[in-house]
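The values are calculated or read from the model by the stated rules, or taken from the named source; none is laboratory data. Keep in mind it's a predicted model, so treat the numbers as computed, not measured. Reconstructed Cβ throughout: ideal geometry from the backbone, glycine too, with neighbour counts over all protein chains shown.
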């Protein structure tokens, strides 16, 4: 759950600049943030903005408050484990208060209000909603506490810096890669996360935008499946029963694709080609066991969580940061599966690692 490139790589910087220049083209969406050629134009513009952090410079070691999604799934647990490891092993950090919201935006808002009163040196925020946390971020910044945002954006951009992948671009890339592997034709089903959640809706829009460029791709089913293996399997089973031919599965979050693999096996049907975002260790395991053909584009919690810690320290040391720092999210296919799948870790783990493997094993993520 979570809650970017063409073919198997992200767009290089030159193409990103070109995308920014063409923001008014017919491929751009009128929604905000603006899109062009499969890239979030506003994020690429923010990546060029250097933020002066001198007003937050102070001597360490520092006390940080980290508000996170919480370990309600593998993505959230991978994030929290990474952040705790990085803080424990960083001499610049005196204390990290980890405050998981357990998937509840209202709990995260309340935690933000409490944290501002406690006046930590910096707040690290993985927002549960772009709009929901905007006012809280503004209040924290007004109180003189720098807010470092990671894992999802916040409307108004009152924070100091934001680290993430480009959510739109990874989903666009997964759909584009799938369409290319189908030679631009065939029947495709689409699976989406939780209705109304920012990441789910961004990924849905991106996938739809990419498939529009392939008139011979027919979308024969489009279902919300709540980033759930069980729900994905149930929805896939119904689509399989209704469609004698399914050539491809696009999934905005690989949990639903994992369920689809199981449903195709139960139905005795040949496996289609998959295009997925956020490949979990469980998806990769099933892909290996079933000889699945796929293109996967990661939404990697561990590197983003590490970047969140690193950027907080930079800000408190008065070092410049970018308004948006794009994290690597290089796509790959089944030929590179063994470079990403780890048989020692359980299905919930979301690769790649940013801490030693033992940190994840000790947190209960062993197979």
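So here's what we get for this one:
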{"item": "Hits in region 351-366 - residues which are out of contact with any strand residue (DSSP E or B) (no Cβ under 8 Å at 6 or more places or on another chain) and either part of a helix (DSSP H, G or I) or farther than 21 Å from residue 307 by Cβ (or both)", "result": "358, 359, 362, 363, 364"}
{"item": "Subset of region 210-238 that is part of a helix (DSSP H, G or I) and over 25 Å from residue 347 (Cα atoms) - its residue that is nearest to the chain's Cα centre (by Cα)", "result": "210"}
{"item": "From the options 267, 359, 355, 260, residue that is modelled with pLDDT of 95 or more and within 24 Å of residue 195 (Cα to Cα)", "result": "260"}
{"item": "Any hit, region 270-279, residues being on the phi > 0 side of the Ramachandran plot, buried (at least 17 other Cβ atoms within 10 Å of the Cβ) and modelled with pLDDT under 95", "result": "yes"}
{"item": "Residue 131 being within 20 Å of the chain's Cα centre (by Cα), outside the structural domain of residue 200 (by TED's automatic domain parsing) and loosely packed, with under 14 Cβ neighbours inside 10 Å", "result": "yes"}
{"item": "Residue check, residue 230 more than 22 Å from residue 182 (Cβ to Cβ) and surrounded by fewer than 24 Cβ atoms within 10 Å (Cβ to Cβ)", "result": "yes"}
{"item": "Only listed residue being within 15 Å of the chain's Cα centre (by Cα) and crowded, with 18+ Cβ neighbours inside 10 Å, chosen from 253, 282, 259, 248", "result": "253"}
{"item": "Residue 329 being assigned to a loop (DSSP other than H, G, I, E, B), within 18 Å of residue 82 (Cα to Cα) and either at pLDDT below 95 or not assigned by TED's automatic domain parsing to the domain that holds residue 254 (or both)", "result": "yes"}
{"item": "Output for region 40-77, where each listed residue is touching a helix residue (DSSP H, G or I) at 6+ places or on another chain (Cβ under 7 Å), surrounded by 14 or more Cβ atoms within 10 Å (Cβ to Cβ) and not in a helix (DSSP H, G or I)", "result": "40, 53, 60, 62, 64, 65, 66, 67, 68, 69, 70, 71"}
{"item": "From the options 182, 124, 178, residue that is touching a helix residue (DSSP H, G or I) at 6+ places or on another chain (Cβ under 7 Å), surrounded by 17 or more Cβ atoms within 10 Å (Cβ to Cβ) and at pLDDT 95 or above", "result": "124"}
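Residues are listed down the side, and each one gets a yes or a no for (1) within 22 Å of residue 103 (Cβ to Cβ); (2) in the same structural domain as residue 173 (by TED's automatic domain parsing); (3) in contact with a helix residue (DSSP H, G or I) (Cβ under 7 Å, 6 or more places away or on another chain):
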{"residue": "228", "(1), (2), (3)": "yes, yes, yes"}
{"residue": "233", "(1), (2), (3)": "yes, yes, yes"}
{"residue": "240", "(1), (2), (3)": "no, yes, yes"}
{"residue": "267", "(1), (2), (3)": "no, yes, yes"}
{"residue": "291", "(1), (2), (3)": "no, yes, no"}
